[in-house]
Protein chains: 2
Amino acid sequence: MLSERQKMILTAIVDDYIRSAEPVGSRSISKRADVSFSPATIRNEMADLEELGYLEQPHTSAGRVPSNKGYRYYVDHLVTPGGVQEEDVRRIRSFFAEKMTHWEDVIGHASTILSQLTNYTSIVLGPEMFTTSLKHFQLVQLNEHSAVAIIVTNTGHVEHRPVTIPEGIEIHDLEKMVRMLNDKLIGVPFIRVKSVLHSEIASELARYVDRCEEILNVLEQSLADQKDPRVYLSGAANMLSQPEFKDVDKAKNILDVLEETTKLSQLFSSAPGGIQVKIGTENTMEAINQCSLITATYTLDGQSLGTIGILGPTRMEYGKVISLLDYLSQDIAVLMSRWYK
Amino acid sequence: MLSERQKMILTAIVDDYIRSAEPVGSRSISKRADVSFSPATIRNEMADLEELGYLEQPHTSAGRVPSNKGYRYYVDHLVTPGGVQEEDVRRIRSFFAEKMTHWEDVIGHASTILSQLTNYTSIVLGPEMFTTSLKHFQLVQLNEHSAVAIIVTNTGHVEHRPVTIPEGIEIHDLEKMVRMLNDKLIGVPFIRVKSVLHSEIASELARYVDRCEEILNVLEQSLADQKDPRVYLSGAANMLSQPEFKDVDKAKNILDVLEETTKLSQLFSSAPGGIQVKIGTENTMEAINQCSLITATYTLDGQSLGTIGILGPTRMEYGKVISLLDYLSQDIAVLMSRWYK
DNA sequence: GTTAGCACTCAATTGAGAAGAGTGCTAATG
DNA sequence: CATTAGCACTCTTCTCAATTGAGTGCTAAC
């Protein structure tokens, strides 16, 4: 357990370091208006904090730098989110005031505004389809053996995927099928579509239609969940303005990761609800061991739809980013729910 | 007009510089197997080439570096495309052998493989819709005032956009309308859809349907061409491996541009058919004045569908990239045409 | 418990010298 | 007369040592 003074000093050091990116010395802390101790006293406390693992020294004659453990303590106990600046709120408003025609636009805009307001990199995972329900299903035939399956969800989201029609299947049968699907499946949440397909429909189907197995396959294929959720990335180049990545090689390692969307969605995979902060080596991916990732989920009717996140150096403005993500995730939720009506 | 020997020396210097990124001295040229002149002779020629504007000297006691004019001459008269390496052909094959379900997949894959094979940044502009024709049109109603328009092209490409239904329009009328559209418009190239809509359909429509103007608006809105073609970017981080951009600030300027897809499509706007090379300051955009952009269009039945391009430093492997773009643009054309059938 | 004082450490900066790469010019050469 | 050897000269880059300065840790005094 840290004393009040230790907390105060740790806060001061983290805040200072976040601002300046330079190791913080005892003198500069002691000079702060709200501090009334001499550098020597601060030094003693700093030595203690270092022994406890909250601070580190790049080398003996430098100031102190927060360790990962230090940041963790700061995030858990010291930081004051402090809300979103008025200016930022205004910019978000005006950004979302634009006419957005597709669902994806909301997400894309959110990603852009996040990176602009923070000067970090923003990563946003689009809503996954299975959280919604089926509104309309249709097959459009292109030629003898191929068609496009079109799925519209209750939220107006449209998915489409090409389908191969097996040899010898009657178009007639397929159409019958699609009609039946629209009767039975509309309103069913995607999460349950598959089971309903098998339990309620398969049996009935077998009576009317030849080779129903194959047709079922086609349907399952077209209703299958998309593999990877869409990833929206914005402000990747902002990484380059961080002094810790002025070394091009380090920067390249990170940007390489950012280009692989599959890796990015992995990064988010373990995100629970609410706001989560992963600091430095808490991230399993080695390339971003010097980064922190803050994520928030946006929800609709209590159900998690997707995730928005900010990636920056461990020396990140935690308070600001946390407030912002909190605010924006709720904003997105509101926008989504409007869409919903 | 350059003498044969000058051409040879210019070629040697450009080739050397592309390989090494270091100013090329007279000695290193003279040591090449196919050169039988002393350094002094080379120096004389180099001085001449510099006076003519083909070479530059970073400082008096350094070797020579090609100027933009030098690269231009090299690209126009000296470079030998030399075809695509067998290894590369194999990798392209295996990459395209993957099952690609959407049209966008082809383009996305092309972008990825391009950046991987060249270690530069690849930019690919997706095919624009208006080059295809209408296969199927449909409105799916979501609630009283909104619907989703779904457009399927003959190539299996699906577009969808939300539509607002004006107050007081009969669903019935809308449906009639859609049926009529499907009768009249299927097979019509998008480029002509608008005019057909007005000339053949508007008049007939007016007879059957109330408030036809408004409905026509809805339809036009839903059939309107997408504003900006999709941009696929790959290997942006490769810029960081170029020695000329080891300075983070320079790199950031470029990456910032790459993040703005609208700017990217502008970049391509002036691309004519065939292969085009824009060297250094020939690019109007200032941030990429130290880059070269090579573009190629891919066509279907003689009609340009889209553009693939490579952005790299002016010190780029022009021969290799030109061959590769040429090869790949034809490959894409073939893939697209298969899709077409 | 706090602080002034001081010796000590180590990175960063500076400057001088040496090394090296390459040039331009001149004069010799085949 | 084109080519080339020779040489002085230029300019960058590297290295090394000295200096500077920020910051610490410890001790002794308050």
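The values are calculated or read from the model by the stated rules, or taken from the named source; none is laboratory data. From a predicted model like this one, the values you see are computed outputs, not experimental measurements. Every residue, glycine among them, receives a Cβ derived from its backbone with ideal geometry; neighbour counts consider all protein chains shown.
The table for this structure:
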{"item": "Residue check, B:Ile150 without any contact (Cβ under 8 Å) to a residue 40 or more places away in the chain and touching a strand residue (DSSP E or B) at 6+ places or on another chain (Cβ under 7 Å)", "result": "yes"}
{"item": "Members of segment A:73-104 that are over 21 Å from the mean Cα position of the chain (by Cα), in a helix (DSSP H, G or I) and acidic (Asp, Glu)", "result": "A:Glu86, A:Glu87"}
{"item": "Residue, nearest to B:Val158 (Cα to Cα), within segment B:289-307, restricted to residues that are aliphatic (A, V, I, L, M) and either surrounded by fewer than 21 Cβ atoms within 10 Å (Cβ to Cβ) or at pLDDT below 95 (or both)", "result": "B:Leu305"}
{"item": "Test for A:Gln141: is it part of a helix (DSSP H, G or I) and either surrounded by fewer than 20 Cβ atoms within 10 Å (Cβ to Cβ) or at pLDDT 95 or above (or both)", "result": "no"}
{"item": "Some residue of segment B:226-248 being surrounded by fewer than 18 Cβ atoms within 10 Å (Cβ to Cβ), without any contact (Cβ under 8 Å) to a residue 24 or more places away in the chain and either polar (S, T, N, Q) or touching a helix residue (DSSP H, G or I) at 6+ places or on another chain (Cβ under 9 Å) (or both)", "result": "yes"}
{"item": "Qualifying residue in segment B:58-76 (condition: touching a Pro at 6+ places or on another chain (Cβ under 8 Å), modelled with pLDDT under 95 and either within 14 Å of chain A (Cβ to nearest Cβ) or more than 16 Å from DNA strand C (Cβ to nearest atom) (or both))", "result": "no"}
{"item": "Residues that are within 9 Å of another protein chain (Cβ to nearest Cβ), at pLDDT below 95 and part of a loop (DSSP other than H, G, I, E, B), drawn from segment B:230-282", "result": "B:Lys246, B:Asp247"}
{"item": "Qualifying residue in segment A:68-81 (condition: under 18 Å from A:Thr314 (Cβ atoms), within 10 Å of DNA strand D (Cβ to nearest atom), not assigned by TED's automatic domain parsing to the domain that holds A:Thr118 and not aliphatic (A, V, I, L, M))", "result": "no"}
{"item": "Which numbered condition B:Gly156 fails, given (1) more than 9 Å from chain A (Cβ to nearest Cβ); (2) at pLDDT below 75", "result": "(1)"}
{"item": "Answer from A:Ile18, A:Ile13 - the residue that is in contact with an Asp or Glu (Cβ under 7 Å, 6 or more places away or on another chain), touching a residue at least 24 places away in the same chain (Cβ under 8 Å) and away from DNA strand C (no atom under 15 Å from the Cβ)", "result": "A:Ile18"}
{"item": "Test: residue in segment A:105-122 that is touching a strand residue (DSSP E or B) at 6+ places or on another chain (Cβ under 7 Å), more than 10 Å from chain B (Cβ to nearest Cβ) and in a loop (DSSP other than H, G, I, E, B)", "result": "yes"}
{"item": "Tabulated pairs, segment A:45-64, first farther than 20 Å from A:Asp76 by Cα, second away from DNA strand C (no atom under 11 Å from the Cβ) and among the basic types (Lys, Arg), C-beta under 8 angstrom, 6+ apart or interchain", "result": "A:Gln57/A:Arg64"}
{"item": "3 or more residues surrounded by 13 or more Cβ atoms within 10 Å (Cβ to Cβ) and over 33 Å from the mean Cα position of the chain (by Cα): qualifying helices (runs of 4 or more DSSP H) within segment A:1-72", "result": "A:26-30, A:39-51"}
